[in-house]
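Heads up, the thing below is written out as structure tokens.
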Amino acid sequence: MPVFDLSQTPLRALNSALHGIEHGANDTLFEITNPRGSHAVAVGIDRPVNVEVHGSVGYYCAGMNDGGTVTIHGSAGPGIAENMMSGTVIVEGDASQYAGATGRGGLLVIKGNAASRCGISMKGIDIVVHGSIGHMSAFMGQSGHLVVLGDAGDALGDSLYEAKLFVRGQVKSLGADCIEKAMRLEHLEALAVLLEKAGVIGVKPDEFKRYGSARKLYNFHIDNAEAY
């Protein structure tokens, strides 16, 4: 198991090692110690590797992840799992703003709280937050799921497209074109799968409310021309 101590080893060496893994290689478990808030840790992974980060990280950790499993035993700065394609990213602590931004696939699990703009412009990623999220989360969310066990801040789902939002706690306010929707059997089933994948125990899908797009912003309306 390769171990990278970032107090001794340059970050570039770590990321180069992750990018240089060949198909069929045996060393697919990496351990990172002393990250000390470093930015861009484990970015651009494109292999099914496991990365354990012991400590907190800065900006864009696990960005563009495509198939790897990255676990941060600490908290994460802005842009955790930004533009993720596939795989799993787990944050044991809290996450700063725009977690999972523009994510196209995979699963992001935040076991603490997430700050503002969680899931902004999400395009297929599934995000499960065990705590609460800040304002403007899922802004322009196009597809995927955002599951929040705690509360949501102002303007949830503003300008939402077809991403599905599930919140167990209170929502401070809904953004433009975001409305509460009925929770059908298909949504309960999908939510149950996501909760299980995210390691959530003792919480039932029917404890959540579902929010989605009212679909009134899809097209230009001449009657609203003065507002543009």
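To the nearest ten degrees, helix 185-197 and the longest principal axis of the Cα atoms of the chain are 20 degrees apart.
Report note on the peptides 1-13, 136-148, 163-175: ranked by the mean count of other C-beta atoms within 10 Å, highest first, their order is 136-148, 163-175, 1-13. Note: relative contact order over the chain, using C-alpha pairs below 8 Å and six or more positions apart, is 10 percent. Volume per residue for segment 3-227 equals 126 cubic angstrom (convex hull of Cα atoms).
Taken together, the values in this text are just the output of simple stated rules run on the coordinates, not laboratory data. Remember, it's a predicted structure, so these values are computed and weren't measured experimentally. FYI the Cβ positions are ideal-geometry reconstructions off the backbone, even for glycines, and counts take in every protein chain you see.
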